[in-house]
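As structure tokens, the structure follows; a few thoughts come after it.
The values are calculated or read from the model by the stated rules, or taken from the named source; none is laboratory data. Since this is a predicted model, take the numbers as computed values, not measurements. Here the Cβ is made from the backbone with ideal geometry for all residues, glycine too, and neighbour counts use every protein chain on show. Ligands, DNA and RNA are stripped out before the accessible areas are found, and what is left, the full protein with its side chains, is counted by its heavy atoms. Shrake-Rupley method; radii C 1.70, N 1.55, O 1.52, S 1.80 Å.
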Amino acid sequence: MAKLLLLPGDGIGPEVMAEVKKLIDFMNAHGFGHFEIEEDLVGGSCYEAHKVAITEPTMRKAHAADAVIFGAVGGPQWDSVAYDVRPEAGLLRLRKELGLFANIRPAICYPALAESSSLKREVVDGLDIIILRELTGGVYFGEPKTITDLGNGQKRAIDTQVYDTYEIERIGRVAFELARKRRNKVTSMEKRNVMKTGVLWHEVVKELHAREFKDVTLEHQLADAGGMQLVRWPKQFDVIVTDNLFGDMLSDIAAMLTGSLGMLPSASLGEVDTKTKKRKAMYEPVHGSAPDIAGKGIANPIAMLASFGMALRYSLNMGKEADQIDAAISAALAQGLRTADIKSAGATVVTTSQMGDAIVGEMKKLAA
Ligand code: NAD
């Protein structure tokens, strides 16, 4: 039995999470798995109830769950609440306390959506790559991080890019293990030509490969050249592993390859617990709470549903069922069904719930 904590959050979060619940109910009823779910508040909705962005009991449940399934947080009504209880504080606390250092973002281009990409069909059609971003180190967290008044009318800003061997090694290990279950290729991206962290990154990944993962093909690219290759011919990649800063940018570039924000799932993984052999993990769509469309029932639930699919793949050892969810999404799109964000000429525009029903309907066909 899998224990899941659902945290729908704010805005369209609860609307897209409702489709995950629909899918879970179907899977429980039809022998696709046995999920026990708990649901709690996070973000602005938690602030309204408890004056904090996440409560202690919810954090305890997150630690105890096999996986946390997260919707989205935030909205203009909480723009002026105190910094430490703002909606995003709930998300950041979860990431920090669960030690989620590995952020997996697949960029998959469903054939039916190849026309929505800004690139040519042949460049993106059938694309299936992963950007693996280091999430807890690097320049976003390194100290010193200051702005100093130099007293002569000038100020000086400092950010520190810092990586230790263990941080590079553990993200490298996730990359090689992911690749082994896919097309067996890792591309490591850094800037060793101008950055010391790049020199160490390159060295540690290379040594780890030689020591433990010789069966996987390893390539190194400078991150700027890698960005160019990502839009030139993205199908050359399988798993791209990179640091926090480059990963932030490269994953957004990869996002555009696939069309819409409403299509993009993500997973964030922590260390493997030596006793239980399990990882702490959280799964969430890349998009935010989309206040502009919240409450209208038109949000695209695919990023959320695909995030649940990633939980099956990476936390619950249910790769076959994860493949079935991906196939059901692909089939619903191939029927010509589109939420408003991905609509195209000749397609049928559907609501959030109709898209969820269609995907569950395709799962039913797979079960038959
Ligand atoms: P957003 O991702 O919420 O929305 C950007 C645009 O994409 C909007 O036009 C929105 O309507 C559209 N969009 C997003 N998801 C969609 C979906 N599933 N279906 C259809 N259209 C979709 O980003 P934003 O507008 O910059 O931020 C809105 C709020 O969300 C802010 O409060 C921000 O802080 C928060 N946010 C939260 C997260 C998170 O919870 N992980 C991430 C990003 C932003």
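Remarks
- Helix-only CD estimate at 222 nm, as mean residue ellipticity for the chain, using -39500 (n - 2.57) per DSSP H run (n ≥ 4): -13000 deg cm²/dmol
- Taking MET1, MET195 and ordering them by how much accessible surface each has at a 1.4 Å probe, largest first, produces MET1, MET195.
- Two-decimal log10 I(q)/I(0) for region 92-231, as the Debye equation yields it once each C-alpha is a single scatterer, q = 0.09, 0.13, 0.22 Å⁻¹: -0.37, -0.72, -1.37
- Note on region 189-273: with charges restricted to the Cβ of Lys and Arg (+1) and Asp and Glu (-1), its dipole about the Cα centre is near 360 debye.
- A rounded overall shape is assigned to the chain, the ratio a/c of its alpha-carbon gyration tensor axes (a ≥ b ≥ c) being less than 1.5.
- Region 100-227: relative contact order in percent, alpha carbon pairs under 8 Å with at least 6 residues between: 19
- Electrostatic dipole magnitude of region 98-186 [Cβ: Lys, Arg +1; Asp, Glu -1; Cα centre; debye, to 20]: 260
- Proximal charge balance of SER45 [Cβ under 14 Å; K/R count +1, D/E count -1]: -4
- Mean sequence separation of contacting Cα pairs (under 8 Å, at least six apart), scaled by the length of the chain, corresponds to a relative contact order of 21 percent.
- Residues of region 53-106: accessible area per residue with a 1.4 Å probe, Å²: 42
- Radius of gyration and Dmax over the Cα atoms of region 65-153, both given in Å: 19.5, 59
- Anisotropy class assigned to region 185-258 is oblate, per the alpha carbon gyration tensor with a/c at or over the 1.5 cut-off and a/b no larger than b/c.
- Neighbourhood net charge (13 Å Cβ-Cβ; Lys/Arg +1, Asp/Glu -1) for PRO111: -4
- In the chain, a dipole from Cβ-located charges (positive for Lys and Arg, negative for Asp and Glu) runs towards its positive end, and of THR276, THR160, LEU261 it is THR276 whose Cα lies farthest in that direction.
- Bridge type composition, the chain - antiparallel percent by DSSP, nearest 5: 45
- Highest-fluctuation residue, VAL349, VAL199, VAL16 considered, GNM on the chain with Cα pairs under 10 Å: VAL199
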